[in-house]
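Q: To start, I am sharing the structure in question, which I have written as structure tokens.
Quick note: the coordinates plus some simple rules give every number you see, no bench work behind them. Computed from a prediction, not measured in an experiment: that's the story for all the values here. Methodologically, a virtual Cβ is constructed for each residue, glycine included, from the backbone with ideal geometry; neighbour enumeration extends over all protein chains shown.
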Amino acid sequence: MKSDIILSGVGGQGILSIAATIGMAALENHLYLKQAEVHGMSQRGGSVQSHLRISEKEIASDLIPLGKADLIISVEPMESLRYLPWLSESGWLVTNTTPFVNILEYPDMEEVLAEIEKLPHQIAINADEIARQVKSPRSSNMVMLGAASPFIDIPYDSLETGIKKIFGRKGEKIVQLNLEALKAGREFALEHTPVGSR
Amino acid sequence: MEKLLLLGAEAIAQGAIDGGMSGVYAYPGTPSTEITEYVQHNITAIERNLHRQWSANEKTAMEAALGMSYAGKRAMVCMKHVGLNVAADAFINSAITGVNGGLVVTVADDPSMHSSQNEQDSRFFGKFAMIPILEPSNQQEAYDMAYDGFELSEKFKIPVLIRITTRLSHSRSGVESREVKNENPLTYPEDPIQFVLLPSNARKRYKGLLAIQSLIEQESEFSVYNTYLPGRDKSLGIIACGIAFNYLKENYPSKSCPHPVLQINQYPLPFSKVEKIVDECEKVLVLEDGYPFVEEQLKGFLNINSKIIGRLNGTIPRDGELNPDIVARALGKEVKQGFPVPKVVANRPPELCSGCSHRDIYNALNETMKEFGKQKVFSDIGCYTLGALPPWNSINSCVDMGASITMAKGAADAGVRPSIAVIGDSTFTHSGMTALLDCVYENTPVTVIISDNATTAMTGGQASHATGRLEEICVGLGVKPEHVKVLTPLPKYHDEMVKALREEFVYEGVSVIIPRRECIVQAVAKNKKEKKVKVEEVSQ
């Protein structure tokens with residue numbers, strides 16, 4: 001078992017919470033883990049990514065080689081495309097469709113979505129909308145993790161445990177909201193992927 | 001023992017705490033900040049009340065750590081690579097004075113300049129100081145090297161350098177911790193003049209440092225961190241330093257590398273092991289993250305060892321950090337990218353946060369400069385450096401901590417009017433105060449804008465030594481009180497700011513303008529915390 005995952009988004013969108021949740025879940029399953037994060041200047045509204053590798057065997061490199069990622073989880077649609085050179089031919093791209101527009105030259109959304117649709121294995125989900133529907137508007141990152149969960153080789157309840165551990169100190173209500181968001185994301189993904197393709 | 005999930009930086013902090021450290025000294029700087037932050041929040045460190053406050057700059061940090069070592073206790077000093085330039089005087093001389101308690105200097109380099117002005121390689125500084133250098137390849141080694149580093153330092157009575165790079169510092173993995181050691185008792189150096197570098201004593205101490213060079217080389221020779229891994233195919237040998245070893249392993253899963261490999265994580269270079277791989281193999285590829293430090297030593301000035309390949313002959317790019325793909329190409333392997341990046345993807349550089357006070361001062365500055373002309377604003381290192389980018393394009397320099405003020409002085413000396421410096425509060429107390437004193441000494445016509453957001457913002461909001469005492473410092477240094485003006489950078493005060501700037505720009509002397517408003521990121525975080533506290537109080 002191994003999952004090489006690239007997490008992407010814009011500084012401040014909470015990709016590190018996704019990474020931490022998967023990390024906790026991996027630990028619970030006694031898996032090896034390496035997770036390279038971006039700190040510093042880029043966190044000020046720039047593109048950010050994290051390479052997350054989990055495996056039952058020892059992991060060598062902290063960075064995923066080009067063309068070897070099993071999964072890209074992106075909390076922002078344009079950012080999901082930036083890391084395509086890392087995605088393997090059989091890999092999945094799971095992205096939020098709500099754009100984060102903080103640059104003047106932000107491309108036309110139709111074009112961005114068209115590029116996402118060209119990929120052989122992709123799920124585009126309006127995570128912000130779903131987060132609002134489950135009354136947890138600030139948990140769109142956990143909706144994204146839920147949508148990506150069918151493609152991560154870790155039991156779903158371990159991800160739930162991960163959320164409890166990561167958000168536990170913020171109180172039971174926050175934990176519940178994040179769990180709801182995770183579940184809603186997962187359900188969307190299961191409805192929108194053909195059986196057998198996962 | 002306990003298994004922890006730690007960043008490389010955090011692993012160093014935990015290793016130092018468990019290794020009996022009595023204090024950490026540091027100024028924040030990416031990618032080194034998390035070491036000290038970890039110590040600040042660690043329970044053992046709090047219980048033992050280890051020293052863990054920030055220092056004003058890397059030089060004061062280095063000197064304070066040396067003082068703690070003088071008193072027999074174990075100390076660590078941490079900084080980013082360019083911080084070592086600031087601390088260099090104390091650092092180099094600490095190898096001559098030697099230590100009493102173990103002293104570990106941890107420096108985090110930033111190849112590819114993710115968050116830095118250069119990508120200098122601190123191993124050169126370690127060699128320059130003639131001290132042992134440890135370069136972990138993974139988080140566990142980072143922990144172990146910090147843990148054992150104090151003993152190594154005490155064994156040879158000299159400081160030890162731990163060098164990491166961004167990738168290891170900011171990558172998380174499992175680390176097994178070891179038994180927590182006691183701190184050293186307070187003891188004075190046996191020789192009361194050990195730390196007195198008068199020439200007569202310094203010459204003796206330097207000879208002593210030279211005399212132990214062969215011993216620290218022997219230490220490298222037998223180090224568990226320098227491993228020779230035999231291989232059948234001797235058409236190529238590979239020397240892999242620090243994190244580069246991981247990228248090599250990535251390319252040969254299940255230990256299948258057919259070539260001899262020498263892993264080097266401790267310096268000075270282990271002579272016999274290097275000699276063996278160079279003798280044995282037809283070519284030797286050197287993989288190292290940073291400058292061609294090992295490669296240059298092996299090639300020599302006359303390039304006698306033409307069989308050595310790496311960054312200097314183009315097998316590997318001369319600049320930038322390594323990754324598994326660069327190493328794959330150097331090994332002749334094919335690298336296949338998944339899908340191309342579509343043309344619609346636009347660049348998204350970092351930017352000043354919405355609501356940031358620097359935005360308001362730059363807006364006022366830009367309007368004022370319409371009257372005074374272009375290219376007269378010198379700036380510094382911090383979030384406000386982003387004012388160099390559109391839409392502001394407000395500043396014309398960013399060189400090193402504090403340089404804005406002294407460069408503005410030099411330009412004023414050359415005739416530039418007005419000559420303006422923009423510097424942050426924390427950068428000002430780091431290295432701007434002596435620069436301002438130079439201006440005061442000659443009453444140079446400069447206007448220094450200290451954009452005060454009451455924090456060290458770029459590195460994540462660490463305490464700033466300037467908070468609450470900026471005006472006093474400036475007046476104390478000799479700036480006339482009527483030319484120290486405090487403004488509130490908000491859009492509604494735009495006209496007032498423009499007026500104040502204009503007045504000081506035409507003044508033929510030293511003036512300081514302090515636009516003061518809390519960093520918006522910190523303000524929001526504080527609000528959240530207070531709200532949470534209120535909610536908890538209500539629900540109780």
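Q: Figure the gain on full extension for B:LYS333 and B:HIS41 (residue separation times 0.36 nm, minus the Cα-Cα span) and round it to one decimal in nm.
A: 100.7 nm
Q: Something else about it: How many nm separate the modelled label positions at A:LEU113 and B:PHE301, each set 7 Å beyond the Cα in the direction of the Cβ?
A: Rounded to a tenth, the inter-label distance reads 6.7 nm.
Q: Could I ask something else about it? Hey, which of these cross-link pairs are over 20 Å Cα-Cα: A:LYS34/B:LYS3; B:LYS492/B:LYS528; B:LYS80/B:LYS528; B:LYS127/B:LYS299? Intermediate results must be reported in sequence, preceding the final value.
A: Values: A:LYS34/B:LYS3 14 Å; B:LYS492/B:LYS528 25 Å; B:LYS80/B:LYS528 31 Å; B:LYS127/B:LYS299 17 Å.
Distance filter (> 20 Å) returns B:LYS492/B:LYS528; B:LYS80/B:LYS528.
Q: While we're on this one: Taking each residue of A:32-38 in turn, how many C-beta atoms of other protein chains fall within 10 Å of its C-beta, and what is the average? Could you put the intermediate results ahead of the total?
A: Numbers: counts 2, 4, 7, 6, 10, 7, 6.
Counting other chains' Cβ atoms within 10 Å and averaging over A:32-38 gives 6.
Q: In which sequence would A:SER80, A:SER136 go, from the one with the fewest C-beta neighbours within 10 Å to the one with the most? All intermediate terms of the calculation are to be shown ahead of the outcome.
A: On the way: A:SER80 28, A:SER136 22.
The order, fewest Cβ neighbours first, is A:SER136, A:SER80.
Q: Going by how many other beta carbons lie within 10 Å of each one, how would you line up A:ARG169, B:ARG203, fewest first? Show your work: numbers first, answer last.
A: Details: A:ARG169 8, B:ARG203 12.
Fewest to most other Cβ atoms nearby, the residues stand as A:ARG169, B:ARG203.
Q: Can you say what percent of the DSSP beta bridges in region B:3-211, counting only those with both residues inside, are antiparallel? Round to 5.
A: On the way: 5 of 25 bridges.
In region B:3-211, DSSP labels about 20 percent of beta bridges as antiparallel.
Q: Considering only DSSP beta bridges with both partners in the protein assembly as shown, what is the antiparallel share in %, to the nearest 5? Display every interim value, and only then the final one.
A: On the way: 28 of 89 bridges.
Among the beta bridges of the protein assembly as shown, antiparallel pairing accounts for roughly 30 percent.
Q: Now for a different question. Of B:SER431, A:ALA148, B:ILE473, which is farthest on the positive side of the dipole of the protein assembly as shown, counting Cα position, with +1 on Lys and Arg Cβ, -1 on Asp and Glu Cβ, and the Cα centre as origin?
A: B:ILE473
Q: While we're on this one: For region A:54-153, what is the Kirkwood estimate of the hydrodynamic radius, computed as the reciprocal of the mean inverse distance between distinct Cα atoms, to one decimal in Å?
A: Working: mean 1/r = 0.0690 Å⁻¹.
Across region A:54-153, the inverse of the average 1/r is 14.5 Å.
Q: Based on Cα positions only, what radius of gyration and what Dmax would you give for region B:137-249, in angstroms?
A: 18.6, 56
Q: Starting from the Cα of B:VAL344, step 7 Å along the direction of its Cβ; do the same at B:GLU496; then give the gap between the two resulting points in nm.
A: Those two pseudo-labels are separated by 4.7 nm.
Q: Semi-axes of the equivalent ellipsoid for region B:357-523, please: Cα gyration tensor eigenvalues, times 5, square-rooted, ordered largest first, whole Å. It would help to have the intermediate numbers written out before the result.
A: On the way: eigenvalues 83, 66, 47 Å².
Each semi-axis is √(5λ); the values are 20, 18, 15 Å.
Q: Where the only charges are on Cβ atoms (+1 Lys, Arg; -1 Asp, Glu), what is the dipole of the protein assembly as shown about its Cα centre, to the nearest 20 debye? If you can, show how the numbers build up before the last one.
A: Numbers: 75 positive and 89 negative charges, 57 e Å.
That gives the protein assembly as shown a dipole magnitude of about 280 debye.
Q: Considering the alpha-carbon set of region A:87-198 alone, what are its Rg and its Dmax in angstrom?
A: Using the Cα atoms of region A:87-198, the pair Rg, Dmax is 15.0, 42 Å.
Q: Other chains' Cβ within 10 Å of A:74-80 residues: what's the mean?
A: Numbers: counts 0, 0, 1, 0, 5, 2, 1.
Going residue by residue through A:74-80 and averaging, the value is 1.
Q: Given charges of +1 on the Cβ of Lys and Arg and -1 on the Cβ of Asp and Glu, with all other atoms neutral, how large is the dipole of region B:22-145 about its Cα centre, in debye to the nearest 20?
A: About 420 debye.
Q: Oh, and also: Mind giving me the FRET efficiency for B:GLN218 and B:ASN118? R0 is 60 Å, r the Cβ-Cβ distance, nearest 0.05 is fine.
A: On the way: r = 34 Å, r/R0 = 0.56.
Rounded to the nearest 0.05, the efficiency is 0.95.
Q: Can you tell me the FRET efficiency between A:ASP153 and B:ALA88 if r is taken as the Cβ-Cβ distance and R0 is 51 Å, rounded to the nearest 0.05?
A: On the way: r = 49 Å, r/R0 = 0.96.
Efficiency, from the Cβ-Cβ distance: 0.55.
Q: Another question, then. Once both labels are modelled 7 Å past Cα along the beta-carbon direction, what's the B:VAL196-B:GLU472 spacing in nm?
A: Result: 3.6 nm between the two label points.
Q: Going by amide H atoms built from the backbone, whose H comes under 5 Å of the H on A:GLN49, apart from near neighbours?
A: Close amide H contacts, sequence-distant or interchain: A:VAL38.
Q: With viscosity set to 0.692 mPa s and temperature to 37 °C, compute the Stokes-Einstein D of region B:55-210, Rh being the Kirkwood radius across alpha carbon pairs; µm²/s, no decimals. Walk me through the intermediate numbers first.
A: Working: Rh = 16.0 Å.
The diffusion coefficient I find is 205 µm²/s.
Q: May I ask you to derive the FRET efficiency for B:GLU176 and A:GLU28 from their Cβ-Cβ distance with R0 = 22 Å, giving the value to the nearest 0.05? Walk me through the numbers on the way to the answer.
A: Values: r = 17 Å, r/R0 = 0.79.
With a Förster radius of 22 Å, E is 0.80.
Q: Only loop residues by DSSP count here, and only those with at most 11 other Cβ atoms within 10 Å; note down the GluC sites (Glu not before Pro) in region A:85-117 that meet that.
A: Values: sites: A:GLU89, A:GLU105, A:GLU110, A:GLU111, A:GLU115, A:GLU117; in loops: A:GLU105.
Qualifying residues, ordered by number: A:GLU105.
Q: Mind listing which GluC sites (Glu not before Pro) in region A:19-69 are in a DSSP loop and have 13 or fewer other Cβ atoms within 10 Å?
A: A:GLU56, A:GLU58
Q: Right, next: Using +1 at the C-beta of Lys and Arg and -1 at the C-beta of Asp and Glu, which of B:SER223, B:ASN393, B:ILE326 has the Cα lying farthest in the positive direction of the dipole of the protein assembly as shown?
A: Looking along the dipole axis, the top candidate is B:SER223.
Q: In addition: Would you mind getting the Kirkwood hydrodynamic radius of region B:56-100 from its Cα pairs, rounded to one decimal in Å? Don't skip to the end; give the middle numbers.
A: Details: mean 1/r = 0.0963 Å⁻¹.
Radius from the Kirkwood sum: 10.4 Å.
Q: Also, I was wondering about something else. Evaluated at 37 °C with a viscosity of 0.692 mPa s, what Stokes-Einstein diffusion coefficient in µm²/s does the protein assembly as shown have when Rh comes from the Kirkwood expression over alpha-carbon pairs? Don't skip to the answer; put the middle values down first.
A: Working: Rh = 27.6 Å.
My calculation gives 119 µm²/s for D.
Q: Right, next: Report, in cubic angstrom per residue, the convex hull volume of the C-alpha atoms of chain A. Intermediate results must be reported in sequence, preceding the final value.
A: Values: hull volume 23.4 nm³, N = 198.
In chain A, the Cα convex hull volume per residue is 118 Å³.
Q: Here's a follow-up. For chain B, which longest stretch is free of loop sites, where a loop site is one of the GluC sites (Glu not before Pro) that DSSP puts outside H, G, I, E and B and that has at most 13 other Cβ atoms within 10 Å?
A: Details: sites that count: B:GLU2, B:GLU179, B:GLU190, B:GLU282, B:GLU334, B:GLU508.
Looking at chain B, B:3-178 is the longest stretch - no exposed GluC sites (Glu not before Pro) with at most 13 other Cβ atoms within 10 Å.
Q: Stretched out fully, how many nm does the piece from A:GLU105 to A:LEU190 gain, at 0.36 nm a residue minus the Cα gap? Don't skip to the end; give the middle numbers.
A: Working: separation 85, 0.36 × 85 = 30.60 nm, distance 3.44 nm.
Separation in residues times 0.36 nm, less the Cα-Cα distance, equals 27.2 nm.
Q: Just want the ordering: B:TRP392, A:TRP92, from fewest to most Cβ atoms lying within 10 Å of their own Cβ.
A: Details: B:TRP392 18, A:TRP92 25.
Exposure proxy ranking, most exposed first: B:TRP392, A:TRP92.
Q: If you don't mind, another one. May I have the extent of the alpha carbons of region B:227-330 along their three principal axes, as whole Å values ordered from largest to smallest?
A: Principal extents (Cα only, largest first): 38, 29, 25 Å.
Q: I would also like to ask the following. Taking the Cα centre of region B:3-211 as origin and charging only Cβ (+1 Lys, Arg; -1 Asp, Glu), how large is the dipole, in debye to the nearest 20? Present the calculation step by step, with values, prior to reporting the outcome.
A: Working: 20 positive and 23 negative charges, 107 e Å.
Dipole size: approximately 520 debye.
Q: Ignore the peptide's own chain and count Cβ atoms of other chains within 10 Å of each Cβ in A:47-54; give me the average, rounded.
A: Numbers: counts 6, 2, 0, 3, 3, 1, 2, 0.
Average per residue, whole number: 2.
Q: What percentage of all Cα-Cα pairs in chain B are separated by more than 34 Å? If you can, show how the numbers build up before the last one.
A: Values: 68229 of 145530 pairs.
Of the Cα pairs, 47 percent sit more than 34 Å apart.
Q: Along the charge dipole of the protein assembly as shown, pointing to its positive end and built from +1/-1 on Cβ of Lys, Arg, Asp and Glu, which listed residue (B:SER306, B:SER177, B:CYS519) has its Cα farthest out?
A: Sorting the options by dipole projection puts first B:SER177.
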